[in-house]
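Let me begin by presenting the structure, written as structure tokens, before commenting on it.
The values are calculated or read from the model by the stated rules, or taken from the named source; none is laboratory data. Note that the structure is a prediction, hence the values are computed from the model and not measured. Every residue, glycine as well, gets a Cβ built from its backbone with ideal geometry; the counts of neighbours run over all protein chains shown. SASA here: full protein model, heavy atoms, side chains in, ligands and nucleic acids out. Shrake-Rupley method; radii C 1.70, N 1.55, O 1.52, S 1.80 Å.
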Amino acid sequence: MKQDATRNAAYTVDCEDYVHVVEFNPFDSGDSGNLLAYGGNNYVVIGTCTFQEDEADIGGLQYKTLQTIHHGVRVGGIAWSPETRLDSLPAVIKFCTSGADMKIRLFTSDLQDKNEYKVLEGHSDFINDLVFDPKEGQGIASVSDDHTCRIWNLEGMQTSHFALNSPGMSVCWHPEETFKAILSLESEQMPLMSAHWCFKNTFKVGAVAGNDWLIWDITRSSYPQVKRPVHMDRACIFRWSTINENLFATTGYPGKMASQFQIHHLGHPQPILIGSVAVGSGLSWHRTLPLCAVGGDHKLLFWVTEM
């Protein structure tokens, strides 16, 4: 008998604002993997989540807001810096955002008196994705509808500029080699919306294009090794789990139905978990648990799966 994979969120947190983007800190910052940022129409909120999967003496989820930062415009994306530390004195919170005004803001805070931000200007259209270099945290890459990928230093200067043949939708830094030899992969499908390096096996790249998810093994071919149709209303985001090279999640566009969220395992022909969110945005895996966060209407939603 086929088990129904549809699940309600295991945990939810109420938010003051609509949540457009949510990101767990992917780096070890002395926070046991629980630092989270989410962005809405006006604010960025930094908080910590402790789950019972992490610490057995907690019932469910303990959420605490550390800081709310006025952003002024809608938050499009959030990227954590590996320089973030919660176990230093004072603490260091460092991340950047993309805004609806086509600007990047680089925030630094000690969760007390020091709250600084720098504006990085140069894109002439909507910024679709941004990321810190994961090794040193000294560079930020961003892609935009203006058909460019740009690299910035922490002073806010542009250090590189790549022209693209179409709008840049997704950008990732190689998890280990900051300067990787150039290669290109073919998706054979349009539009390619989101791509992601696998942390646990950097020969794997995953993406969503059209209604499908696709996975490449870059040592074998520039064409996908596996692909499957997944979201009726077009797929939106692809994210590898940070702890298992066969586990990944995808979201669909908010369509006629609620937007769908799915967790997949390469050993299973069907999704192992299906969730739905009234208006879902963003997707992020916890650094040390098989747990995903998705943003919703004045809510954060968390789903847990087995390994």
* Structure fact -> A chain fully extended from Lys64 to Asn165 at 0.36 nm per residue, minus the present Cα-Cα distance, gains in nm 32.0 nm
* Asked: Tally Lys and Arg at +1 and Asp and Glu at -1 over the other residues with C-beta under 10 Å from the C-beta of Leu61: what net charge comes out?
  -> -2
* At a 1.4 Å probe radius, which order do Tyr43, Tyr63 fall into by accessible area, largest first? => Tyr43, Tyr63
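Rounded to the nearest 20 Debye, what is the dipole magnitude of the chain about its Cα centre when Lys and Arg each give +1 and Asp and Glu each give -1 at the C-beta? List each step's numbers first, then the result.
Values: 23 positive and 35 negative charges, 128 e Å.
The calculation lands at about 620 debye.
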* **Selection from Gly60, Ser276, Tyr223, by position along the positive dipole direction of the chain (Cβ)** => Tyr223
* Net dipole in debye of segment 105-219 [+1 Lys, Arg Cβ; -1 Asp, Glu Cβ; about Cα centre; nearest 20] -> 160
* Structure fact -> Residues other than Gly40 with Cβ under 12 Å of its Cβ, Lys/Arg counted +1 and Asp/Glu -1, net out at -1
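On the protein heavy atoms, probe 1.4 angstrom, tell me the percent of accessible surface of segment 54-105 carried by carbon and sulfur.
Numbers: 1170 of 2400 Å².
The C+S portion of the solvent-accessible surface of segment 54-105 is 49 percent.
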* Selection from His20, Pro82, Ala235, by position along the positive dipole direction of the chain (Cβ) -> Ala235
* Structure fact -> The answer for the net charge of residues other than Gln138 whose Cβ lies under 13 angstrom from its Cβ, with Lys and Arg +1 and Asp and Glu -1, is -2
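As an exercise, identify the chymotrypsin sites (Phe, Trp or Tyr not before Pro) in segment 142-187 lying in DSSP coil whose Cβ has no more than 13 other Cβ atoms within 10 Å. Don't skip to the answer; put the middle values down first.
Numbers: sites: Trp152, Phe162, Trp173, Phe179; in loops: Trp173, Phe179.
Here the sparse-neighbourhood loop sites are Phe179.
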* Structure fact -> Rounded to a whole %, the carbon-and-sulfur portion of the accessible area of segment 163-253 at a 1.4 Å probe is 53
* Structure fact -> Amide H contacts under 5 Å for Leu66, restricted to residues at least 5 apart in sequence or on another chain and with H modeled in the peptide plane, are Ile46, Gly47, Thr48
* Where only C-alpha atoms are counted, convex hull volume of segment 11-304 per residue in Å³ -> 128
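Given a cut-off of under 8 Å on Cα pairs at least six residues apart, what relative contact order in percent is computed for the chain?
16
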* Enumerate the amide H contacts of Gly296 below 5 Å, restricted to partners 5 or more residues apart or on another chain; note that Pro and chain-start residues carry no placed amide H. => Val19, Ser281, Leu301
* To do: Calculate one ³J(HN,Hα) per residue across segment 227-244 by plugging θ = phi - 60° into the Karplus curve 6.51 cos²θ - 1.76 cosθ + 1.60, and present them in order as whole Hz with x for glycine and proline.
  => 8, 8, x, 9, 10, 4, 8, 6, 7, 10, 10, 10, 9, 6, 5, 7, 10, 8
* Largest-first ordering by accessible area, 1.4 Å probe, given options Thr108, Thr6 -> Thr6, Thr108
* Asked: Using the heavy atoms of the protein chains alone and a 1.4 angstrom probe, what is the accessible area of the chain per residue in square angstrom?
  -> 46
